[in-house]
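Engineer: Quick one: the structure is below, questions incoming.
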Amino acid sequence: MLEGNKIKIRPIEEDDIDIICQWLNDEEINYWSSGAWPLNTLYSKDQIMEKYLDGPSDVYRYAILNEKNLIIGTIGFKEVNVPGRSATLFIVIGDKSYWGKGYGTDAIITFVRFLFTQWNFHRISLDTWDENLRAIRAYEKVGFKIEGCQREARYVLGTYHDAVLMGLLRDEFLILHGK
Ligand SMILES: CC(C)(COP(=O)(O)OP(=O)(O)OC[C@H]1O[C@@H](n2cnc3c(N)ncnc32)[C@H](O)[C@@H]1OP(=O)(O)O)[C@@H](O)C(=O)NCCC(=O)NCCS
């Protein structure tokens, strides 16, 4: 179990699947997390169970817990590049009542510290889209820098949007947040 100031992070368990199922099929959450609705969603419970509990071994998913140890979101990494020691981060605070209260930033700081100090990653990448200013702000508070954009790479409800590419190096993170 990883512990931040407000959150804890642990592996995903079978009891988490029902709520994750609700989040993955929620229009507003998908709007922000992927800008895609309903293209890559509408999963059945069996598909979610398979994805989150038996999923591909190169995607690592964890549960984010609140102060009462209740699950409020998920976080993880994928696209591990072994020689480059880099990976791509993803996060969703699925319980909307926790948006904008610092839980996401605390979860990212806690998880990224784990990736840099325990997994020995050198660099963490992520991508979001231009309208998700809350996510961009949270990533910037952790130390991520905007490194580029992919013009009109996302199609959201009838309009093209830029994808925003961000990255964080281990040394930059440790200077900002320590070990
Ligand atoms: C993105 C997400 C992880 C951020 O976590 P969070 O707990 O909501 O964010 P925090 O409260 O830690 O930080 C949000 C920051 O953005 C700011 N913010 C919120 N809405 C904003 C807006 N519309 N424009 C600019 N800044 C905004 C907040 O004021 C806060 O900054 P501050 O501390 O300097 O005031 C969470 O909101 C989430 O999971 N959202 C839905 C799915 C999603 O977007 N996932 C990310 C996909 S890339």
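The values are calculated or read from the model by the stated rules, or taken from the named source; none is laboratory data. Everything numeric in this text was worked out from a predicted model, so none of it was measured. When we count neighbours, we look across all protein chains shown, and the Cβ atoms used for this are built from the backbone with ideal geometry, even at glycine.
Engineer: Can you name every residue in the stretch 140-179 that is at pLDDT below 95, surrounded by 13 or more Cβ atoms within 10 Å (Cβ to Cβ) and touching a helix residue (DSSP H, G or I) at 6+ places or on another chain (Cβ under 9 Å)?
Structural biologist: Once the filter is applied, which keeps residues that are at pLDDT below 95, surrounded by 13 or more Cβ atoms within 10 Å (Cβ to Cβ) and touching a helix residue (DSSP H, G or I) at 6+ places or on another chain (Cβ under 9 Å), the stretch 140-179 yields Arg154, Val156.
Conditions tested, residue by residue: (1) under 17 Å from Lys78 (Cα atoms); (2) among the polar types (S, T, N, Q).
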| position | (1), (2) |
| --- | --- |
| Trp119 | yes, no |
| Asn132 | no, yes |
| Lys141 | no, no |
| Val156 | no, no |
| Thr159 | no, yes |
| Asp171 | no, no |
| Lys179 | no, no |
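Engineer: Name the single residue, out of those in the stretch 65-97 being touching an Asp or Glu at 6+ places or on another chain (Cβ under 9 Å) and among the small types (Gly, Ala, Ser), that is farthest from Ile29 (Cα to Cα).
Structural biologist: Of everything passing the filter in the stretch 65-97, Ser86 is farthest from Ile29 (Cα to Cα).
Engineer: Quick check: anything in the stretch 35-50 of a type in the set (Ser, Thr, Tyr), within 20 Å of Ala163 (Cβ to Cβ) and more than 15 Å from the ligand (Cβ to nearest atom)?
Structural biologist: no
Engineer: Then there is this: Please pick out the residue among Ile71, Ile109 that is surrounded by fewer than 23 Cβ atoms within 10 Å (Cβ to Cβ) and touching a His at 6+ places or on another chain (Cβ under 8 Å).
Structural biologist: Result of the check over Ile71, Ile109: Ile109.
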